[in-house]
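Read the structure below first, then the notes.
What follows draws every value from the coordinates through simple rules; no lab data is involved. Quick caveat, the model's predicted, so the values are computed rather than measured. Glycine also receives a Cβ, built like all others from the backbone with ideal geometry; neighbour counts cover every protein chain displayed.
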Amino acid sequence: MRNDFVVTSNVQKFLSGYERVESRAAIEKCFMTVEGDPGRGKTSTAEWFAIQNDLPIIRAKREWTSRWMLEDLLDCIGSEPDRTFKEMYRQAVRVLAGRSESARAAGVPYAIVIDEADHIVSSQKMMETLRDITDQVEVPVILVGMGRLNKALTRYKQISSRVSAEVSFTALTQEDTRRLIAARCESEVADDLAAHLHKTSNGFAREVLEGIGSIERVGRRLGRMVTLADMEGQVLLTDRVTGKSVTVRAD
């Protein structure tokens, strides 16, 4: 399977959300939230965006504290953490300010990306630490998590009022599925099979990619375009609700 990144409708929503943050009228509105069920492509999109623009991306942990969060952030931006929380905070502000200014001068994005952000939105101390950093540096923070981020943030009015963009990753469209197949699958796929994969995947990018892997195995054996009939009786993907294999029935 090819590893090409595909700009789906969800990715387009992500990019539009970041543009709203960048063009915000109120400088302090630096936060962007990205929500959606697991398997919708949030993490892969956040990683792609971070890699493309050389942005710091860190994964929140269940046991994170404000200190641990700063240590991970400083490690990510290549700065050896100082000893005390106070020193680390000043260090983060100084380094991020320099990186942000350089990006602004070059006309390229700069933001802090935090995946698995569900682990931190319940901590007022960590959220306030991020808010303090954004107030001083004016660098956007992209929080990526499941469908409870915005609801959780409503308990902190001083934080929720700083959200410029709320992005929701939803089910892939049929065109999204076709784009993924065209870009990632190394076997040619017939329209009837592409439509079947879209239907059985329930719009989850993870399941579409699993299905592409199954189709490729058949395609390598046949050496030609793979049709729905060719996949008859073959396992296409795993149903995330039941955990059972989904076998193709062409009738």
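The gain in end-to-end length when the E232 to E128 segment is fully stretched comes to 31.9 nm, 0.36 nm per residue minus the alpha carbon separation. Can you bin the range 174-247 into rounded, prolate or oblate? Criterion: square roots of the alpha carbon gyration tensor eigenvalues sorted a ≥ b ≥ c, rounded for a/c under 1.5, prolate for a/b above b/c, oblate for the rest. Judged from the Cα gyration tensor, the range 174-247 comes out oblate (a/c at least 1.5, b/c at or above a/b). Most tightly packed first, judged by the mean number of other beta-carbon atoms within 10 Å of their residues, the peptides 138-151, 78-91 read 138-151, 78-91. In this structure the amide hydrogen of I112, modeled in the peptide plane, comes within under 5 Å of the amide hydrogens of V141, I142, none closer than 5 places in sequence on its chain. DSSP finds beta bridges in the chain, and of those with both partners inside it, around 15 percent are antiparallel. Among I58, I215, a tally of other beta-carbon atoms within 10 Å of each Cβ gives an order, fewest to most, of I58, I215. For the set K42/K86; K151/K244; K29/K151; K42/K157; K61/K199, the pairs lying more than 29 angstrom apart at their alpha carbons are K42/K86; K151/K244; K61/K199. Counting only Cβ charges, +1 for Lys and Arg and -1 for Asp and Glu, the dipole size of the chain around its Cα centre is about 500 debye.
Which one is right for this structure if mean projected area of the Cα convex hull in nm² is calculated from it: (1) 15.1; (2) 12.9; (3) 16.3? For mean projected area of the Cα convex hull in nm², the calculated option is (1). Rounded to the nearest 0.05, what FRET efficiency is calculated for R249 and V108 with R0 set to 45 Å and r the Cβ-Cβ distance? The calculated FRET efficiency here is 0.35. Label positions at W48 and R67, each projected 7 Å from the Cα along the C-beta direction, are separated by 3.9 nm. Shown for T170, T154: other C-beta atoms within 10 Å of each C-beta, ranked fewest to most, produce the order T154, T170. Going from the fewest other Cβ atoms within 10 Å to the most, the residues W48, W68 appear in the order W68, W48.
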